[in-house]
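One structure below.
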2 protein chains.
Amino acid sequence: MQRYFTAQDVEIDDLIVMSQEDTHHMKNVMRMATDDTIEIVDNKSQLFVAKIETIDERVRVRVIEARVDKSELPVETTLFVPLLKGDKLDWLLQKATELGAVHIKLYEADRAVVKLDQKKKEKKLQRFEKIVKEAAEQSKRLKVPSLKFVGNAKSLTIDDYDRFFIAYERLSGDASKQLNRMLTDDLKRIACIFGPEGGFSNAEVESLHDANAVRLGPRILRAETAPLYFLSALSIKYE
Amino acid sequence: MQRYFTAQDVEIDDLIVMSQEDTHHMKNVMRMATDDTIEIVDNKSQLFVAKIETIDERVRVRVIEARVDKSELPVETTLFVPLLKGDKLDWLLQKATELGAVHIKLYEADRAVVKLDQKKKEKKLQRFEKIVKEAAEQSKRLKVPSLKFVGNAKSLTIDDYDRFFIAYERLSGDASKQLNRMLTDDLKRIACIFGPEGGFSNAEVESLHDANAVRLGPRILRAETAPLYFLSALSIKYE
């Protein structure tokens, strides 16, 4: 069943007017008809089944049933990622959504090649929001990851999290086992910061010295691959 | 240090003539000079350090030192993947190499959209081989994954492996924990088969009924994402 997100509060028997975008998707992409059913996730991440009543300028659906679904990672996970070149960030956002990230914060890395002014940021953000919404629908999530541009790595507060990791490959020894060990059962809010293609600057590593440095396996992962390894590890560990 | 693969047997003090392609990379991309050092991995996955002696039509390097390196997954892992649309397979091959796959077998899925004739397969294979070689060098692997077109899923022999998984999302209950449980310490050779965008056909699922069905977490992963989750899980479990 196709899943759609709504910003509204939903209760059984409600009549929901679908957004213009979802109406387009239901009519023209999915070619749905009256009485077809869809899944709706409301603003509190509650899942419902709804049936199409009318198809017009906007599709209207009647909420018929509540559903229980456990598709969210049991740890609330935040990724701090830099702007990456080409379409790598698009791709990373899609995959990180599939794999369960809850918040994605875009920070300004010292060595990032891509730099955006305020206007471009706003335009990009709209594009990114579309990517994560579609990925959340397709992967059957209950949450659309939040997206935000934050400052540079040196201005981050890391104590909002039970554990804040820094994915840093220049670690000696048996470091990848440490990630496994550091993913303890008491953690509820986890964050990890990932470097750009050129890696972290010394100033960034200095300013993040209270973070838990982890190596993600013994191979060198590209900037866009490391977050996916991290999220997969959380799934294997906690789900 | 830049890493290159050679098809030769290497010993200390050998003088190695680099291939045309590597020569181009060393001269024109890396702009290397005489006395610069590189890493060389030989046909037995042994790692050496070598120093450039002469730069000419071909670069010649002198092997000066053997190195020990543990960048390979301790389980020999084979992925069976279908042809995917667009550039998704290119991307999957690059990421699966970063994450440690040793053999990648391309099978003809019943529901795969992409179909190739023999000539196109040979051309694709050359392209794919370039992708995995470059990814193996960049991620500092000791092995370049092998690539092969095999028949359809119904003709596969699954008993060449200690455990053969089928990534099949239509499993009820607590299935993702099962992957964790099924990754036991005695396994040396593991394989997993992944479906195309449209999923496995019933005939394929039937013919693979002796395989271990696993779900890769509670979210629906796209065809190109599932193998990366699987490889990351192996790394967390065994490395």
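Nothing in this text is a laboratory measurement; each read-out follows from the coordinates by a stated rule. Every value quoted in this text rests on a predicted model; they were computed, and no experiment measured them. Ideal geometry is used to build each Cβ from the backbone, glycine not excepted, and the neighbour counts take in all protein chains shown.
Taking 24 Å as the cut-off for C-alpha to C-alpha distance, list the pairs among A:70/B:85; A:44/A:88; B:85/B:119; A:95/B:237; A:148/B:140 that go past it.
Table pairs above 24 Å Cα-Cα are A:70/B:85; A:44/A:88; A:148/B:140.
Within 10 Å of each Cβ in peptide A:224-234, how many partner chain Cβ atoms are there on average? Round it to a whole number, please.
That average works out to 5.
When Lys and Arg each count +1 and Asp and Glu each count -1, what net charge do the other residues less than 11 Å away from residue B:62, Cβ to Cβ, add up to?
That works out to -3.
Who wins for biggest fluctuation among A:135, A:96, A:203 in a Gaussian network model of chain A, springs between alpha carbons below 10 Å?
A:203
Compute log10 of I(q)/I(0) for the protein assembly as shown with the Debye formula, placing one identical point scatterer on every Cα and leaving out solvent, at q = 0.06, 0.08, 0.12 Å⁻¹, to two decimals.
-0.30, -0.54, -1.18
If you put a point 7 Å past Cα along the Cβ direction, how far is that point for residue A:154 from the same point in each other copy, in nm, smallest first?
Result, one decimal in nm: 6.5.
Quick one: label points 7 angstrom along Cα→Cβ at residue B:46, distances to the other copies in nm, smallest first?
Its label point is 6.7 nm from the equivalent points in the other copies.
As a check on your reading of the symmetry: which chain B residue has its Cβ nearest the axis that brings B onto A, and how far is it in Å?
B:232, 2
Mind checking the full-extension length gain between residue B:130 and residue B:66? Use 0.36 nm per residue of separation minus the Cα-Cα distance, one decimal, nm.
20.4 nm
With Cβ to Cβ distances under 12 Å as the rule, what net charge do the other residues near residue B:53 carry (K, R +1; D, E -1)?
-1
If you take every residue apart from residue B:84 with its C-beta less than 10 Å away from the C-beta of residue B:84, what net charge results, scoring Lys and Arg +1 and Asp and Glu -1?
Surrounding charge for residue B:84 is -1.
Working out 0.36 nm times the residue gap between residue A:27 and residue A:210, then minus their Cα-Cα distance, what length gain in nm do you get to one decimal?
60.7 nm
Along Cα→Cβ at 7 Å, what distances in nm separate the residue B:31 label point from those on the other copies, shortest first?
List, nearest first: 5.7 nm.
For the residue pair residue B:44 and residue B:56, what label-to-label distance in nm results when each label sits 7 Å from Cα along the Cα-to-beta-carbon direction?
Distance between label points: 2.9 nm.
For q = 0.09 Å⁻¹, what log10 I(q)/I(0) does chain B give under the Debye formula with an equal point scatterer on each alpha carbon and no solvent?
-0.44
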